[in-house]
Each structure stands twice: as C-alpha cells, then as structure tokens.
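Written out below as structure tokens is the structure these notes cover.
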Amino acid sequence: MPVLNAKALTVERSGQQVLKDVSFSMQQGQVHALLGGNGAGKSTTLLTFLGFLTPVSGSAHVQGRAVSENVSAARQAIAYLPEAATLYGHLNAYENLRYFLSLAKTDTDRRALDAALDRVALQAEAREMRMQTYSKGMRQKVAIAMAILRETPILLLDEPTAGLDPAAIDDFNRLVRDLAEAGRTVLLVTHDVYGACHVADRIHLLHKGELVGSFDRPSGMDRIDTEAVHAAFAAHAA
Amino acid sequence: MTGSFRELRFLAKDRAALLWLGIAVLVAGLSVFLGLREVAAQRTVLNELIEVDRAERDVLRGLHQDWGDVAYYTFHLTHDSPSDFAFAALGQRDTSPWKHHIRALALEGQIYETDAENPDFALIGRFDFAFAASMLAPLLLILLLHDLRSRERAAGRYELLGATAASRGSPWFVRAVLRVGALTLCLLVPLWAAGLLVGTGAAKLALASLVVALHIGFWWGFCAFVDRFGWSSPVNLTALIGAWLALAVVVPAAIESSVETAVPVPEGGEVMLTQREAVNDAWDLPKSATMEPFVERHPEWADYTQVGQSFEWKWYYAFQQVGDQIVEPLSRAYREGRIRRDRLAGTLAWLAPPALSTRALQAIAGTSMADSLAYEQRVRDFHAALRGYYYPRLFRDEVVSDASLGQRPEFPVVGK
C-alpha cells in the first residue's frame, strides 16, 4: 500500500487551476522530490496532502486513507516543514521544540531534544538563545529537528535546505537518507536540482501545475542523472 | 503538557501580550483607586456637613422666637450616600451627592441650582472602573486578539501550527480563552480587592463581574468574527478599532443626539429662573394674588390667610409655594422628560455595548440617572414634610418650643 498517493489531483486556488491531474505514489522508506519553478504547484501538493486544500477532482491519500475523510489522521501521520518556517523568535530552540511537540502531543525529554539538535548540528551554545538572534540557517536547523522529533512515518519538507550553507546541505541530505533507511517516507520540495538528484529516489518535475516528468534513481547508482533532470528542468523553464 | 498549560507558558513569554495585560491592571487599578478616593472624599465632606448641620441647629436653637424666622434661617442637609459599589461607577454622583441648602422656601430653585454646573462633567465623563471596563477594556482586548491568527499567517507558521496540532482548531481557541480570561482577571482583581476593602456586597461584585465578562465576551465574539475574513493584522486592527470607535463613541453620541431631539426637555436652569422670577414678582403684587392660589392648593389654611399691609411670614411662605406652583408644569416636564430620555437611552444603549455596560454598572452602583431622580424625589418628599411641619405652626402662630423643634423632620438616610 502506498504511504502517500496522489490520484489525478486537480486543485484550484482563487479560481485558477494550480494542480492539473497530478498522480504519483510513494512507498514506505522512499524519498521523493518535487522539482519545479515558482508557481509549479510543489507547495500546493504538500498542502493538499495536509488537507489545507481540497482537490476539485482526484484525491490525496495518506497511509491508504483519503485525506478528505480524516484530515486529523493525515496530519498526525505527517511532520510538515513549511517553506521559510519562522519559529517563534521570542522563544529559544528548546522552548520552540517543546511548544510544537506539545501541540502534536509528542512527549520528549531534554536528551531527545539535544540529540535531534545534534543531528542537525545546531551549536550547543545557541540553543538557549532566543531564536530572533538566529541566522536563517540556524532557524531552519531547528525546524528540521522538530520534523525529526515528531517521529511520524511521513515527512513533508518544503524547501528544507533554503538558507543552509553547503556543508549543512550535505549533512541534511545524509540525514534524509538516514531517515528513509529507518523507514520514514520523505516528500521534499526543492529548487535545488543537484541536491534533489543526490537525496531522492525519484524526482517529479512539475511545470505550471502539471507533472511533466519523473526521474528514478537507477538501481546500483548513488544518484539520479543530474544532466537529464537539468535538461528537462531547463526545457520547461525556457 | 496540557494544551492550557502549554499556551499559558506561551502567553507568559509573549511580551506584547504581557504589556497589554499590565496596562489593563494599571488602568483598572488606577480607576478603582480614583473611584475610592472620590467616594472617600464625598463621605468626608458628607460627614463634615452632617456635623456642621448638627452644630448649626444647636446654635439656632432658641435664637429665633417665631416660626417664620426658624424656617427661614434653618438649612437642612439632604444627601445621597454613596453605595458600597459607587467607587466603581461614579455615574451621576457628581451631579448632586448632597444638597445642603434645603429650606421650607420655594423648592425648585433649590433643587436645580446645580444643574448649570453639571454639563462640564457630563461632557468629559469620569475616569472610573465603569469607564475602564466599558471603554478601554475593548481596546486592550482588540490589541490582544487582532493578530492571533494573522501574525501566524504573516510569519508562515499558520499551516505549520495547523498541521502540527493533534486536534483540529487547536491552539487558537485555547490561546483566545487565555487572553480573554487574563484580561478579564486583570480588570476584575483590582475591583474585587477594592470591594473587599470597602465591604461591597458579594452579590454586587458578582453581578458587576458578570457585566464585565459579558461585555468582554461580546468583543471577543466580534474579534473572532473579523478574524474569519483572513485579513492581515493591520487590516484586522483597523477594522476592529473602527468598530470600537463606532460602538463606543459614534453610536452613543448619535443616541444622545437622537434622544435629545426625540424627547425635548426644558433646561433645569429655566425651571430655577422661572420660579425665582415668580417669587420676586410676588413682592410687587397684591397679597391676594398670592393667597388665593395658595388657598386653592391648601384649603385647610383658608381661615388663616388674612394678611395686612405689612410683611407677614405666612404671606412670604405662601408666595414661595406659589412660585413652585407656577413653575410646576415646567418642572414636571423637566423631570418626566429626563425619565423618558433615560428610558429611551437605556433601550438604544443595546446598540452600543460600551454604553450598555456603563449603564449596567451604574445601576449596580446606584449612581444611575434613575437613582439620581430617586434622590431628587426624596428631597421633594422631605421638602413636603418640612412644609407640613412648618405650615401649621406658622399659620396658627404657635410658640416656638424645644419640644416642637424636636419634632422637625429629618432627611431619611437611604441605604444602598
């Protein structure tokens, strides 16, 4: 049974079709990347799986159940990291994590928080500081830590590497692979062709709401063919 | 961690919310303090007046040998004692907390001599708890609630919060409840403390708390209604402040203007002037012009109204009364007009919750227009009792005695 399944999704926002007949499915432990330019429908796809948007036709399924049937169940199965997530600036990293984890009714102790923050390589001395003093990359690391701590079977990550330095992006990609190997299913949205090719098992290329191509990682290879994805991406961008 | 505890901790870290709540405590505390001080000052003056009134009686006792002099030179203190909740809603107390010149002379001028002073106060209003809870509290609530969701949208957290929350709707409702509850407590705790200090009845405090809670509840509902449109924080704030301005300032002003137009009322000063002119004119009129209308009202003294050419007290008191009789229709129109205006304003106040809340608190405090009119009526009743006491002694030309003076009516103190 697919963990995430988009069946001929068509979504409208303000009377405009922003997703047109998009279909794909993900099995447990897979990493998929949605690639595309601005307005391609990448974030819309994530919001539809979360039940914030209702398709005008087709359906989104989480763990075999239509999202429209039980939005709460879908959200409980998903850890979501929005694009440019701004956590609360007046709280420190621990307080932010505790707040959101409590909201999700997830119990964690200080050691678990530190372990997650270690995994995203957030400096120990910064953790007690208010997040309004953080750089964009540091804020993103805390948000990623939160998604990890949720311990949900599915992660939807919208531009998770935005603001991260190259070393941190490498760390993040490794982290995503580790999570997938641990059985978690990750759907990420990105503009970063190179990063997507390295981390994803499959890339879906979206253009103006339509799925215009999919690229699989060949068996035995450690990445998807970057040249092919680049060519397709450039062809649609032109 | 429960949702309430989580949001309470979150609120405790929100400096802006804490600032508004701190201002609420400050405003409520200051308004209660000023109210207590005002009522204490009124009580002090009242106690001094009662002492002076008693001392004056003692001085006058035995000084005058005829009832005309006694009635003329004896001033009677009447007063409207503040209730144990008056500190919270001073209302009409600045109009006439006491009248200490009541004599058995013409009444209307004595009652309305302060009416020329009142409009100054009426225009600006009092900074009391009723003002703080009815006018300022909605503003603070708006500041606490206007960006509850919109700032999360602006910060890109709205979907994150919605997707993370284990139950639908969370955490908005709990956040709102805590802010509304905290503001209500910030307003009510100073009130309760002051109530305990001065021994306010629990029922009055409970009723006032209910009024405040309902008023806050109305504005909460309004904030929630505006929030549904999904506007940005500045637009929400503009809409809510606009609504506050309309409901707290514009609508009450329109109500006042409409009520004044719909129910014309003569001026209090006009009543006083008309009566005084009638009394002054009486000096130049034939005495029969006074005694005849007096006897019409008091046929029981028909056999005692023969007066000569020289000054006689019974003629003097008769023309004082006739002065009242001449202005009676005007005075009645003034009183009835004020009652009608008050009733109409009470009905229309449902269109302006801040005005409604103010009126409700004043009613609990016994400082409403109805209470003011009730006090005026008690003064009238007392004045009638004074005339009822003096007239038999004047017209029968009785001898002044301590025993008779001891029977002089006292203004009844009414507990509130």
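The values are calculated or read from the model by the stated rules, or taken from the named source; none is laboratory data. Remember, predicted model here, so these are calculated numbers, not experimental data. Every residue, glycine as well, gets a Cβ built from its backbone with ideal geometry; the counts of neighbours run over all protein chains shown. Surface areas here come from the heavy atoms of the whole protein model, side chains and all, with no ligands, DNA or RNA. Shrake-Rupley method; radii C 1.70, N 1.55, O 1.52, S 1.80 Å.
A few notes on this one:
- Non-local lysine pairs in the protein assembly as shown, meaning eight or more places apart or on different chains, with alpha-carbon distances under 15 Å, amount to 6.
- Contact with the other protein chains removes 30 Å² or more of accessible area, compared with the isolated chain and a 1.4 Å probe, from these residues of the range A:41-62: A:Phe52.
- With the convex hull of its Cα atoms as the shape, chain A has an orientation-averaged projected area of 12.9 nm².
- Sparse packing (at most 13 other Cβ atoms within 10 Å of the Cβ) combined with a DSSP loop state is found for the following GluC sites (Glu not before Pro) in the range B:308-416: B:Glu398, B:Glu410.
- For the pair A:Gln16 and B:Glu398, label points projected 7 Å from Cα toward Cβ lie 9.8 nm apart.
- Around the amide H of A:Leu19, modelled in the peptide plane, lie the amide H atoms of A:Val11, all under 5 Å away and 5 or more residues distant in sequence or on another chain.
- Residues whose amide H lies under 5 Å from that of A:Asp158, counting only those 5 or more places away or on a different chain, are A:Leu81, A:Glu83, A:Val189; hydrogens are built 1.01 Å from N in the peptide plane.
- Note on B:Val250/B:Ala224: beta-carbon distance plugged into 1/(1 + (r/R0)^6) with R0 of 22 Å gives a FRET efficiency of 0.45.
- Cα-projected label distance for B:Ala289 with A:Asp222, points at 7 Å along beta-carbon direction, nm: 12.3
- Compared with the dominant principal axis of the Cα atoms in chain B, helix B:202-227 is inclined by about 50°.
- Under 5 Å, built H, 5+ apart or other chain: amide partners of B:Trp98: B:Asp80
- Atom-type composition of the exposed protein surface of chain B places 62 percent of the accessible area on carbon and sulfur (1.4 angstrom probe).
- Near-label residues of the range B:397-416 by backbone N, under 15 Å of a point 7 Å along Cα→Cβ of B:Tyr73: B:400-402
- Couplings 3J(HN,Hα) for the range B:338-344, derived from phi with the Karplus relation 6.51 cos²θ - 1.76 cosθ + 1.60 (θ = phi - 60°), are 5, 5, 5, 4, 5, 5, 5 Hz, where x marks Gly and Pro.
- Loss of accessible area when A meets B, both sides summed, Å² nearest 100, probe 1.4 Å: 2400
- Principal-axis tilt of helix B:369-395 within chain B, Cα atoms, nearest 10 degrees: 10
- 3J(HN,Hα) from dihedral phi, the range B:74-89, Karplus parametrisation 6.51/-1.76/1.60, rounded to Hz, x for glycine, proline: 9, 9, 10, 7, 10, 8, 10, 4, x, 6, 6, 10, 4, 4, 7, 9
- Across the range A:172-183, computed HN-Hα scalar couplings (Karplus, 6.51 cos²θ - 1.76 cosθ + 1.60, θ = phi - 60°) run 5, 4, 5, 4, 5, 5, 4, 5, 5, 5, 7, x Hz from first to last residue, x flagging Gly and Pro.
- Rolling a 1.4 angstrom probe over the protein heavy atoms with all chains in place gives the range B:140-253 an accessible area of 43 Å² per residue.
- Within the range A:1-43, backbone nitrogen closer than 19 Å to the virtual label 7 Å beyond the Cα of A:Asn70 toward Cβ: A:1-6, A:28
- Over all pairs of different C-alpha atoms in the protein assembly as shown, the reciprocal of the mean inverse distance, the Kirkwood hydrodynamic radius, equals 31.2 Å.
- Divided by 2.2 N^0.38 Å, where N counts the residues, the Cα radius of gyration of chain B comes to 1.32.
- Split chain B at each of the chymotrypsin sites (Phe, Trp or Tyr not before Pro) in a DSSP loop with at most 13 other beta carbon atoms within 10 Å, and the longest piece is B:1-228.
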